[in-house]
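Working notes, beginning with the structure itself.
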Amino acid sequence: MAFNFPFTAIVAQDEMKLAIALSTIEPSIGGVLIFGDRGTGKSTTIRSLAALLPPMKVVVGCPYHCDPSVPNLCFACEARKAAGEKLKSELVSVPVVDLPLGATEDRVVGALDIEKALSHGIKVFEPGLLAKANRGYLYIDEVNLLEDHLVDLLIDVAASGENVVEREGLSIRHPARFVLIGSGNPEEGELRPQMLDRFGLSVEVRTPQDLAQRIEIIKRRDAFERDPVAFLAQYQDSEAEFKEKILSSRKRLSKVTIGDDVLMLATKLCAQLGTDGLRGELTLMRGMRALAAFDGARKASAEHLKRLAPLALRHRLRRNPLDDSSSTTRVERVLADFF
Amino acid sequence: MTTNSGQSAWFDAQTAAALLAIDPHGLGGVCVKSQFGSIRDAWFSFFQTQLAPESHFQKIPLQIQREQLLGGLDLEATLQCGKPVYSAGLLAKSHGGFIVLPMAERLSADTIAHLMQVLDRGAVDLQQQATDSMPCLFGMIAFDEGIPPYESIHPRLAEHMAFQVNLDQLSLKDCADSLQITSTDIRKAKRRLPRIQCDSRFIESLVQSAAAFGIESIRANLFAVHAAKALAALRHQDAVSEDEVVDAARFVFSHRATRMPSSREETQPNEEDTEADSTEEADQPSASANEQKQNNDAELDSKEPKENTDQPSQDELEELMVEAIRAGIPPNALAQLSAGLGRANSKHSSQGQFGQLQKNAASGRPAESRRGLPKGGKRLDLLKTIRAAIPWQAMRRTELQARPPIANQIRSRIQIRVDDLHIKRYQQRQGVVTIFLVDASGSSATQRLAEAKGAVEQLLADCYIRRDEVAMIALRGRSAEVVLPPTRSLVRAKRNLAALPGGGGTPLATGFAAVNEMALSIRRKGMTPLIVVMTDGVANVTLEGVGGREQAHQDALNMASKLRIAGHAILFIDTASAPQALAEALADAMNAQYLPLPYINSGKAISQRAAHLARQ
């Protein structure tokens with residue numbers, strides 16, 4: 001089976017790694033958008049994510065990975081409970097599901113199980129990718145090329161956290177809460193503003209300009225390909241350490257406070273940049289908390305705000321075609337005024 | 001044996017095939033730029049019968065559907081057996097072999113997306129919903145028959161292939177000889193490959209020379225390392241040596257170069273050369289493999305390894321590599337790169353055009369049908385609907401029998417439900433592509449260019465939510481140059497336009513021809529071209545590329561009438577300080593809207609007029 005390159009062996013790309021780490025600490029930040037050229041390691045980073053995530057507890061046999069510790073279970077689990085079955089739980093790895101560009105709507109939302117219909121003549125819902133991604137990650141490469149009807153669907157599900165299917169007399173709603181990770185090359189097309197808004201954080205990646213770093217990337221990659229097992233063993237400790245850091249950050253998260261002064265600053269920042277809606281501020285708040293937890297701090301500071309602002313806001317700026325500077329520069333310009 | 005340039009290009013193409021046969025997964029594939037013909041056949045048969053006779057070659061048809069590619073429920077077999085039968089997709093069957101992509105430039109974005117996903121994971125799912133997957137590694141052979149610059153293989157696909165070979169300019173004589181590599185050599189090399197080491201100083205040189213040529217992709221660097229190792233394996237070595245590094249750099253980096261190394265400008269062609277080149281071969285940026293190697297020393301060829309047995313220093317090695325890569329770049333692309341223009345119209349001409357296919361159009365290339373109601377002018381796909389209904393028949397019949405019969409109900413043979421209905425979809429790129437033809441000559445070049453740039457950006461900003469695209473052709477010196485291929489990306493437009501210089505003569509006729517060609521190619525893709533011509537109408541370079549006002553104007557008039565015949569919507573903006581009779585005559589000849597606007601201060605006015613015209 002193919003091995004994934006370890007996350008902690010990825011050279012540079014600190015912003016991308018930070019954004020992904022924050023989304024694992026606080027999933028409600030709402031997804032990460034990664035824009036950059038081909039061959040910058042976007043997909044390597046995302047594939048390495050699965051190994052970092054601490055396993056989660058699920059109901060055995062539940063297609064939606066129900067969490068046994070919460071009161072409201074999915075319809076399938078409720079039905080099993082009602083039938084007197086005692087639900088067992090198990091630890092599984094967090095799903096990271098690929099949504100390919102050409103996926104059909106049936107495959108994404110789920111459809112009637114054709115196999116069951118043929119062999120048993122019964123109607124059974126066959127869950128789709130959205131079900132598979134529940135409580136995990138949904139990764140869309142080339143998200144900016146996704147067909148409109150799928151974009152609409154995702155926007156809706158990402159907002160409600162629920163997938164509703166009405167088909168052949170079946171009426172099913174199941175939880176579909178996932179962290180959306182999108183990647184793409186901005187030169188190939190723009191993303192609809194509504195979709196942009198669904199992503200909590202956005203990063204712009206490019207190949208490291210430092211030659212020494214590039215050389216290091218190739219050397220590590222070469223070593224990994226030559227002997228993946230030995231390479232993975234070499235990074236075992238750092239992977240475990242990072243995993244532990246994510247776990248402890250999650251525990252710390254609920255205790256992190258944000259002072260009113262910092263909140264005020266965040267509001268002012270959004271107003272100054274003219275970001276639409278409240279989502280920018282919400283993301284800033286959640287993101288700051290996660291960042292503080294990641295740093296081991298108990299209180300989010302203005303410094304955290306400063307570090308987070310480009311990630312949380314750059315994709316929310318209104319476009320100004322006559323302003324030549326990139327949105328990152330615009331955020332930084334305003335930040336410079338503030339600090 | 002002396003080798004001429006065509007012959008060594010042929011040997012290079014064969015070497016690339018051998019390397020891919022040795023390490024298909026590590027090198028991804030080879031993109032063969034060539035029209036269908038005997039030379040291409042010769043190359044492929046060399047690959048198939050001489051290098052890899054035991055390997056499986058799977059052809060992937062252009063219009064392949066997802067189920068065929070990735071596998072899925074086999075409806076026919078399932079109905080026959082009465083239990084689900086899954087069939088493996090073509091990709092799963094290709095594991096360990098090669099896939100062949102004919103007409104790769106026409107592959108749909110969906111097919112490319114599926115391919116990329118499998119390449120990326122190195123695995124394919126066994127069933128639709130299975131958590132089970134099987135490894136799926138293969139090499140790709142893509143035949144790009146596109147005619148540049150308007151059609152070429154999708155950059156996403158090209159990125160995943162280490163090599164590009166160009167067979168179009170080779171003669172049969174060039175290909176008379178063949179490299180003496182047999183399947184036994186390949187087998188032995190394959191066995192040797194895992195043990196082959198690449199010294200880190202070589203990795204460093206490779207990364208450095210890639211950076212010098214403006215190659216950003218990490219994948220390209222990796223390909224070069226793999227290519228060097230495969231070469232070493234082929235040459236019976238235990239480790240990569242200088243020769244392999246230099247050759248690998250040439251094989252992998254030459255067609256990827258986006259600029260020339262900054263420190264070595266001495267061979268930069270002068271203005272004269274650049275112009276002559278682009279006039280001759282304006283439409284063939286990725287030119288002849290033939291000429292590719294005119295200045296290539298035979299010593300760099302894989303057949304005759306370098307004599308120098310002393311260890312060259314790191315600097316010398318890099319020097320050698322830079323030379324080798326430079327030698328591999330097609331001459332006219334070289335001129336472009338040297339002029340600092342990047343490789344916009346050869347490498348990425350198709351960027352921004354793919355994937356934004358509108359699939360709800362009423363005409364165009366047929367796309368996969370999707371579930372839906374045939375309302376609002378959408379047409380029912382009867383076949384697909386029946387196909388969708390068939391699996392449920394037994395179940396529905398049972399249901400129907402259980403229910404009390406309704407009076408006057410027609411008992412049809414086949415039970416179709418609303419959910420079965422499928423509607424036909426066609427791929428069509430909707431929307432408008434506005435092509436700016438900008439006369440960047442003379443004294444007011446800077447100002448006019450600035451206005452045109454403003455208009456382009458304004459248009460893009462106004463309409464990026466719609467499916468509109470913008471392109472720009474500039475008249476410079478003796479040629480018309482595609483400075484911005486059709487794009488929807490503001491980022492890209494800005495970058496390309498920022499680097500656009502002005503000055504030189506006014507080859508209006510050539511410009512009209514270029515704009516006509518682009519407009520026609522856009523129309524073929526299902527979009528509507530809109531042409532905006534910005535000039536004072538004073539032509540001074542003829543179609544042949546020589547000076548002479550009279551002839552130049554006559555040529556321009558002739559070309560203008562071709563535009564009229566083609567029936568394009570054209571906006572003619574006279575940029576002279578007072579309305580010009582010549583300009584008006586041209587506008588008349590092409591049946592354009594004539595707009596004397598001597599003092600445009602903002603691109604806004606132009607963009608509004610263009611938007612207005614587009615709506616008509």
Leading residue by the ranking (farthest from B:TRP392 (Cα to Cα)) among those in region A:83-115 that are in contact with a Pro (Cβ under 6 Å, 6 or more places away or on another chain) and either crowded, with 22+ Cβ neighbours inside 10 Å or among the acidic types (Asp, Glu) (or both) = A:GLY110
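Is it true that B:GLN409 is over 41 Å from the mean Cα position of the chain (by Cα) and modelled with pLDDT of 75 or more? Walk me through it before giving the result.
Values: over 41 Å from the mean Cα position of the chain (by Cα): yes; modelled with pLDDT of 75 or more: no.
No; evaluated as a whole, the condition is false for this residue.
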task = Would you confirm whether any residue within region A:148-169 is surrounded by fewer than 19 Cβ atoms within 10 Å (Cβ to Cβ), more than 30 Å from A:LEU284 (Cα to Cα), in contact with a Leu (Cβ under 7 Å, 6 or more places away or on another chain) and within 11 Å of chain B (Cβ to nearest Cβ)?
result = yes
key: Yes/no for B:ALA324 being away from chain A (no Cβ under 14 Å), modelled with pLDDT under 75 and in a helix (DSSP H, G or I)   = no
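Yes/no matrix, rows are residues, columns are (1) surrounded by 24 or more Cβ atoms within 10 Å (Cβ to Cβ); (2) in contact with a Phe, Trp or Tyr (Cβ under 8 Å, 6 or more places away or on another chain); (3) assigned by TED's automatic domain parsing to the domain that holds B:GLN593; (4) in contact (Cβ under 8 Å) with a residue 24 or more places away in the chain:
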{"residue": "B:ALA471", "(1), (2), (3), (4)": "yes, yes, yes, yes"}
{"residue": "B:ALA474", "(1), (2), (3), (4)": "yes, no, yes, yes"}
{"residue": "B:PRO486", "(1), (2), (3), (4)": "yes, no, yes, yes"}
{"residue": "B:VAL515", "(1), (2), (3), (4)": "yes, no, yes, yes"}
{"residue": "B:LYS525", "(1), (2), (3), (4)": "no, no, yes, yes"}
{"residue": "B:THR542", "(1), (2), (3), (4)": "no, no, yes, yes"}
{"residue": "B:HIS553", "(1), (2), (3), (4)": "no, no, yes, yes"}
{"residue": "B:ILE565", "(1), (2), (3), (4)": "no, no, yes, no"}
{"residue": "B:THR575", "(1), (2), (3), (4)": "yes, no, yes, yes"}
ask   = Got at least one residue in region B:189-209 being within 31 Å of the chain's Cα centre (by Cα), within 14 Å of another protein chain (Cβ to nearest Cβ), without any contact (Cβ under 8 Å) to a residue 12 or more places away in the chain and farther than 30 Å from B:ILE39 by Cβ?
value = no
inquiry  = assigned to a helix (DSSP H, G or I) and at pLDDT 90 or above: is that true of B:ALA18 in this structure?
reply    = yes
note = Of (1) closer than 29 Å to A:ALA9 by Cα; (2) surrounded by 13 or more Cβ atoms within 10 Å (Cβ to Cβ); (3) within 14 Å of chain B (Cβ to nearest Cβ); (4) not aromatic (Phe, Trp, Tyr), A:ASP227 satisfies every one except (2)
request  = Could you list all residues from region A:186-203 that are surrounded by fewer than 20 Cβ atoms within 10 Å (Cβ to Cβ) and not in a helix (DSSP H, G or I)?
outcome  = A:ARG192
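Residues that are at pLDDT 50 or above and in contact with a Cys (Cβ under 7 Å, 6 or more places away or on another chain), at least 3 per element: which helices (runs of 4 or more DSSP H) completely within region B:201-315 meet that? Give the steps one after another, and end with the answer.
Numbers: elements: B:218-234, B:242-253, B:271-281, B:289-292.
Once the helices (runs of 4 or more DSSP H) in region B:201-315 are filtered for at least 3 residues that are at pLDDT 50 or above and in contact with a Cys (Cβ under 7 Å, 6 or more places away or on another chain), what remains is B:218-234.
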remark   = Residues of region A:270-292 being buried (at least 17 other Cβ atoms within 10 Å of the Cβ) and part of a loop (DSSP other than H, G, I, E, B), in sequence order, are A:THR275
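Please pick out the residue among A:LYS88, A:LYS42 that is in the same structural domain as A:VAL165 (by TED's automatic domain parsing), touching a residue at least 24 places away in the same chain (Cβ under 8 Å) and out of contact with any helix residue (DSSP H, G or I) (no Cβ under 6 Å at 6 or more places or on another chain). Outline the logic, then answer.
Values: A:LYS88 fails: in the same structural domain as A:VAL165 (by TED's automatic domain parsing).
The conditions single out A:LYS42.
Specify the residue that is surrounded by the most Cβ atoms within 10 Å (Cβ to Cβ); the eligible residues are those in region B:577-608 that are part of a helix (DSSP H, G or I) and at pLDDT below 70. Break it down stepwise before answering.
Residues of region B:577-608 that are part of a helix (DSSP H, G or I), as a first pass: B:581-589, B:603-608.
Imposing the further condition that a residue be at pLDDT below 70 reduces the set to B:603-608.
Details: B:GLY603: 22, B:LYS604: 16, B:ALA605: 17, B:ILE606: 25, B:SER607: 23, B:GLN608: 15.
Only one residue fits best here, namely B:ILE606.
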message = Condition first: within 14 Å of chain A (Cβ to nearest Cβ) and modelled with pLDDT of 90 or more. Now tell me which residues in region B:141-182 satisfy that.
response = B:LEU157, B:ALA158, B:GLU159, B:HIS160, B:MET161, B:ALA162
Number of the exception - A:LYS123 against (1) surrounded by 15 or more Cβ atoms within 10 Å (Cβ to Cβ); (2) of a type in the set (D, E, K, R); (3) outside the structural domain of A:GLU166 (by TED's automatic domain parsing); (4) in a loop (DSSP other than H, G, I, E, B) = (3)
ask   = Looking at region A:14-24, which of its residues are crowded, with 24+ Cβ neighbours inside 10 Å and over 10 Å from the mean Cα position of the chain (by Cα)?
value = A:MET16
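State whether one or more residues within region A:116-133 are within 20 Å of A:ILE25 (Cβ to Cβ) and away from chain B (no Cβ under 14 Å). Give the steps one after another, and end with the answer.
Narrowing region A:116-133 to residues within 20 Å of A:ILE25 (Cβ to Cβ): A:133.
Adding the requirement that they be away from chain B (no Cβ under 14 Å) leaves none.
Scanning region A:116-133 turns up no residue that is within 20 Å of A:ILE25 (Cβ to Cβ) and away from chain B (no Cβ under 14 Å).
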ask   = With respect to the numbered conditions (1) touching a residue at least 12 places away in the same chain (Cβ under 8 Å); (2) within 14 Å of chain B (Cβ to nearest Cβ); (3) not in a helix (DSSP H, G or I), which one is the sole condition not fulfilled by A:LYS255?
value = (2)
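Suppose we filter A:ASP227, A:ASP197 for residues that are touching a residue at least 60 places away in the same chain (Cβ under 8 Å) and acidic (Asp, Glu); which single one remains? Break it down into steps so the answer makes sense when it comes.
Values: A:ASP227 fails: touching a residue at least 60 places away in the same chain (Cβ under 8 Å).
So the residue among A:ASP227, A:ASP197 that is touching a residue at least 60 places away in the same chain (Cβ under 8 Å) and acidic (Asp, Glu) is A:ASP197.
Answer with yes or no whether A:THR267 is free of Cβ contacts under 8 Å to residues at least 60 places away in the same chain, assigned to a helix (DSSP H, G or I), polar (S, T, N, Q) and more than 14 Å from every other protein chain (Cβ to nearest Cβ). It would help to see each step written out before you state the result.
Numbers: free of Cβ contacts under 8 Å to residues at least 60 places away in the same chain: yes; assigned to a helix (DSSP H, G or I): yes; polar (S, T, N, Q): yes; more than 14 Å from every other protein chain (Cβ to nearest Cβ): yes.
Spelling it out, A:THR267 is indeed free of Cβ contacts under 8 Å to residues at least 60 places away in the same chain, assigned to a helix (DSSP H, G or I), polar (S, T, N, Q) and more than 14 Å from every other protein chain (Cβ to nearest Cβ).
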message = For the structure I just gave you, tell me whether B:ASP185 is over 18 Å from B:ALA162 (Cβ atoms), surrounded by 16 or more Cβ atoms within 10 Å (Cβ to Cβ), over 26 Å from the mean Cα position of the chain (by Cα) and away from every other protein chain (no Cβ under 14 Å).
response = yes
inquiry  = Testing B:THR111 on (1) among the hydroxyl-bearing types (Ser, Thr, Tyr); (2) more than 14 Å from chain A (Cβ to nearest Cβ); (3) in contact with a helix residue (DSSP H, G or I) (Cβ under 8 Å, 6 or more places away or on another chain), one condition comes back false. Which one is that?
reply    = (2)
inquiry  = For the list (1) within 14 Å of chain B (Cβ to nearest Cβ); (2) more than 30 Å from A:LEU170 (Cα to Cα), I need the number of the one condition that A:LEU52 fails.
reply    = (1)
ask   = Of all residues in region B:385-403 being assigned to a helix (DSSP H, G or I) and more than 49 Å from the chain's Cα centre (by Cα), which is nearest to the other protein chains (Cβ to nearest Cβ)?
value = B:THR398
query = What number of residues within region B:225-250 are without any contact (Cβ under 8 Å) to a residue 60 or more places away in the chain and within 9 Å of another protein chain (Cβ to nearest Cβ)?
reply = 1
ask   = With (1) buried (at least 24 other Cβ atoms within 10 Å of the Cβ); (2) more than 14 Å from B:LEU586 (Cβ to Cβ) as the list, and B:ALA569 as the residue in question, which single condition is left unmet?
value = (1)
task = Within region B:243-253, track down each residue that is over 11 Å from B:GLY214 (Cα atoms) and not charged (D, E, K, R).
result = B:VAL245, B:VAL246, B:ALA248, B:ALA249, B:PHE251, B:VAL252
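The values are calculated or read from the model by the stated rules, or taken from the named source; none is laboratory data. Predicted model only: the values in this text are computed from it and were never measured. Backbone-built Cβ (ideal geometry, glycine too); neighbour counts: all protein chains shown.
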